[in-house]
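What follows draws every value from the coordinates through simple rules; no lab data is involved. Quantities reported herein were computed from a predicted structural model and do not represent experimental measurements. Positions of Cβ are generated from backbone atoms using ideal geometry, with glycine treated the same way; all protein chains shown enter the neighbour counts.
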Amino acid sequence: MAFGRITGWAIDLPERILTNDELAQMVDTSDEWIRERSGISARHIDGKVSEMSTNAGKAALEKAGVKPEEIDLFILATTTADKVVPATSSIVQNNLGLSCGAFDLNAACSGFVYGLVTAMQFADSGMEKILLIGSDSLSTFTDWEDRTTCVLFGDGAGAVVIERTSEQPCFLGWDLMADGSAADLLYCEHGGKIVMHGQEVFRRAVIAMENAANAAMEKAGITNDQISLVVPHQANVRIIDAAMKRLGIPKEKAALVMDTTGNTSAASIPLALIDSIDSGQVEQDDLLLLVGFGAGMTSAAAVVRWNSAGN
Ligand code: UT7
């Protein structure tokens, strides 16, 4: 059990919105196919990870009432860094006026939960304030002639400020996993575009989500009926429905934003989490289950007690 709690949060989405109807003019697809098979109607594109992260990070710091110089560590979860070198976290660190260690963390679509687990360990070991951002620009690496992938991806960023608390723990259990033997199911070479074997990724995603979520709940010592809200990776609404069924949690308890964001990789869980918070769906002491999966194939889950009141 770890003693960090989320005290500030914010998102950023690029201005350019690409609709399904526009995609239907680019490749052989239709609005109906995309919505029925994925649950996506539109997505934001043309984002840059450093810019989206800077915007989201600045707003999250303001929301938490934390000054940049107070942050002890900055973690940027991304799989679409601006450049190979340096880490995009260094660019964002400078943009935000931080004066602390900063590193990129690449666990693809599981990146935000990997980052959260990492941040909580640092909080446990004594760090007071940590900034965590999940941000990706999948549109930069999308093959716009491949209808099996280009209809799914989008760009965005979600940022949270984590502060150490000496009172009740808020981070109750987690699970991290990777299966590198499946790495060729979803990849992008240097200078290339994203390649995905969708059906097999779909099949494995449902199982990985179920396994990660169950392991995190077990470590937290809680059962599925105690979960108020599941915040899943936003890849495909059918994957989420299938995973919720296997977990025995009503699908109405899943936070969903993919309709308007598409799959934004490391940004997708914070985008869904922050949408739920801002729309009043999360209450003090609610137990939240964050669960992601992605290229690698990585998977990650965490059980968080929501503690906006700070007790
Ligand atoms: O965050 C990373 C993790 N990524 C994911 O979780 C993605 C996982 N995979 C998926 O979400 C789904 O597999 C897809 C959305 C990619 C595809 O859905 P599907 O139901 O698995 O479709 P499918 O691959 O079985 O294809 C069904 C048909 C095929 O045509 P035929 O062979 O039946 O004639 C495809 O060629 O749909 C066709 N198709 C399309 N048709 C219209 C594939 N993409 C499209 C498209 N528009 N965009």
**Request:** Give the Rg/Rh ratio for the chain, taking Rg as the radius of gyration of the Cα atoms and Rh as the Kirkwood radius, to two decimals.
**Result:** 0.95
**Item:** Derived scalar couplings ³J(HN,Hα) [the range 177-190; Karplus, 6.51 cos²θ - 1.76 cosθ + 1.60; whole Hz; x for Gly, Pro]
**Value:** 8, 8, 10, x, 5, 9, 4, 7, 7, 7, 7, 8, 6, 4
**Asked** Nearest 20 debye, what's the magnitude of the dipole of the chain about its Cα centre given +1 on Lys and Arg Cβ and -1 on Asp and Glu Cβ?
**Response** 440 debye
**Prompt:** For the range 3-166, what log10 I(q)/I(0) values come out of the Debye formula at q = 0.19, 0.20, 0.21 1/Å, with one point per alpha carbon and no solvent?
**Reply:** -1.07, -1.14, -1.23
**Request:** Please find, in a Gaussian network model of the chain (springs between Cα atoms separated by less than 10 Å), the residue of ALA212, ALA119, ALA182 whose mean-square fluctuation is greatest.
**Result:** ALA182
**Message:** Neighbour counts of other C-beta atoms within 10 Å: give me TRP9, TRP174 arranged from fewest to most.
**Reply:** TRP9, TRP174
**Request:** Alpha carbons only, please: Rg and Dmax for the range 135-273, in angstrom.
**Result:** 16.3, 53
**Request:** Work out how much length GLU283 to GLU69 would gain on full extension: take 0.36 nm times their residue separation and subtract the Cα-Cα distance, in nm to one decimal.
**Result:** 74.0 nm
**Item:** From phi via Karplus (6.51, -1.76, 1.60), per-residue ³J(HN,Hα) for the range 121-126 in Hz, x at Gly/Pro
**Value:** 5, 5, 4, 4, 8, x
**Prompt:** Once the piece of chain linking GLU15 and ASP28 is laid out straight, how much longer is it, given 0.36 nm per residue of separation minus the C-alpha distance between them?
**Reply:** 2.1 nm
**Message:** Using the basic label-point model (7 angstrom from Cα toward the beta carbon), what is the GLN121 to MET177 distance in nanometres?
**Reply:** 1.9 nm
**Request:** For each of LYS129, LYS48, count neighbouring Cβ atoms within 10 Å of the residue's Cβ, then give the residues from fewest to most.
**Result:** LYS48, LYS129
**Message:** Distance between the C-alpha centers of the range 240-278 and the range 63-78? Whole Å please.
**Reply:** 25 Å
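Neighbour counts of other C-beta atoms within 10 Å: give me VAL113, VAL66, VAL206 arranged from fewest to most.
Least to most surrounded, the residues fall as VAL66, VAL206, VAL113.
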